[in-house]
Amino acid sequence: MLLVLDVGNTNITCGVYDNDKLMYTFRLMSKTPRTSDEFGITLCDLAQRNGVDPKQIDGAIIVSVVPDVMHSLVSSVKKYMKVTPLVVGPGVKTGINIDTPNPKEIGPDRIVDAVAAYELYGGPILVLDYGTATTYDLVTEDGRFVAGITAPGIRISAQALWTGTAKLPEIEIEMPKSILATDTIWSMQAGLMYGQIGQAEYIINQVKKESGYKDLKVVATGGLGKIVSNETDMIDEYNSDLTLEGLRLIYAKNR
């Protein structure tokens, strides 16, 4: 079995694959300091609670944008799972050619998403990831990563509203029943969510226009991306496990 770990700025998303079948997923907060033993005990406990003996895990792969947690996390996998994890970075085969002036600037999480989207849906494709930041990455029909757009994430935008103002309250992030808001919370939800939908539609249209890819496929991932995907027909697919699928595919390429 394969353990896949996606270390983001907010959460660590974990999954266990049996061949190409995702058996279960769970999340940990990435900002919570943990020792290697704390990571290891948590990973083993959650595996067992989902019917998986940690001894059955014979491979692991990690993608991370948070360097501070890597020493403890890698050590925990080695100690408790008895495997040395593959860490996505320079030298790892992905099947995607990073065709930008400085490939090292492209986050490994974005590369993993691009691999999954291209392998699962083909190209040309635009990959939207609704994480701490909202990213839009373009992969050509022949598997080249050629452009990326980065915007503030939905939750960051919401937090900016209630932390940067004296009177606006903290709100639940959800789609309002209408854009014609009549109270403060409704007004904030309308501005936030319809603003995100408008942003997505404009960027998708502009990417199609400037790239010339009129038949561009669009796939989204990330927890809050489902809300946006449900409200626009410009996103063709929503795949909550896209990053985990990318990790599985990259691991297979490097075996």
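Quick look at the numbers
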item: Filter result for the condition that a residue is assigned by TED's automatic domain parsing to the domain that holds Thr134, buried (at least 17 other Cβ atoms within 10 Å of the Cβ) and either of a type in the set (Gly, Ala, Ser) or on the phi > 0 side of the Ramachandran plot (or both), over Ala47, Ala116, Ala60; result: Ala116
item: Criterion: under 15 Å from the mean Cα position of the chain (by Cα) and closer than 17 Å to Gly131 by Cβ - qualifying residue of Ile235, Ile203, Ile173, Ile154; result: Ile154
item: Evaluation of Leu73 against (1) part of a helix (DSSP H, G or I); (2) within 24 Å of Gly107 (Cα to Cα); (3) of a type in the set (A, V, I, L, M, F, W, C); (4) in contact with a strand residue (DSSP E or B) (Cβ under 6 Å, 6 or more places away or on another chain) (one fails), failing number; result: (4)
item: Unmet criterion (only one of (1) in contact with a Leu (Cβ under 6 Å, 6 or more places away or on another chain); (2) buried (at least 21 other Cβ atoms within 10 Å of the Cβ)) for Leu128; result: (1)
item: Every residue from the range 78-95 that is hydrophobic (A, V, I, L, M, F, W, C) and under 21 Å from the mean Cα position of the chain (by Cα); result: Leu86, Val87, Val88, Val92
item: Unique match (being touching an Asp or Glu at 6+ places or on another chain (Cβ under 7 Å), crowded, with 19+ Cβ neighbours inside 10 Å and either among the hydroxyl-bearing types (Ser, Thr, Tyr) or on the phi > 0 side of the Ramachandran plot (or both)) among Thr135, Thr94; result: Thr135
item: From Thr13, Thr25, residue being among the polar types (S, T, N, Q) and touching a Lys or Arg at 6+ places or on another chain (Cβ under 6 Å); result: Thr13
item: Residues located in the range 221-242, provided they are of a type in the set (A, V, I, L, M) and within 12 Å of Ile154 (Cα to Cα); result: Leu224, Ile227, Val228
item: Answer from Glu105, Glu119, Glu141 - the residue that is within 21 Å of Val7 (Cβ to Cβ) and not hydrophobic (A, V, I, L, M, F, W, C); result: Glu105
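Condition check ((1) among the β-branched types (Val, Ile, Thr); (2) not assigned by TED's automatic domain parsing to the domain that holds Ile154) across all residues:
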{"site": "Met193", "(1), (2)": "no, no"}
{"site": "Glu210", "(1), (2)": "no, no"}
{"site": "Gly222", "(1), (2)": "no, no"}
{"site": "Val228", "(1), (2)": "yes, no"}
{"site": "Glu231", "(1), (2)": "no, no"}
{"site": "Lys253", "(1), (2)": "no, yes"}
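The values are calculated or read from the model by the stated rules, or taken from the named source; none is laboratory data. Owing to the predicted nature of the structure, the values given are computational and were not obtained by experimental measurement. So basically every Cβ, Gly included, is an ideal-geometry build from the backbone, and we count neighbours across all protein chains shown.
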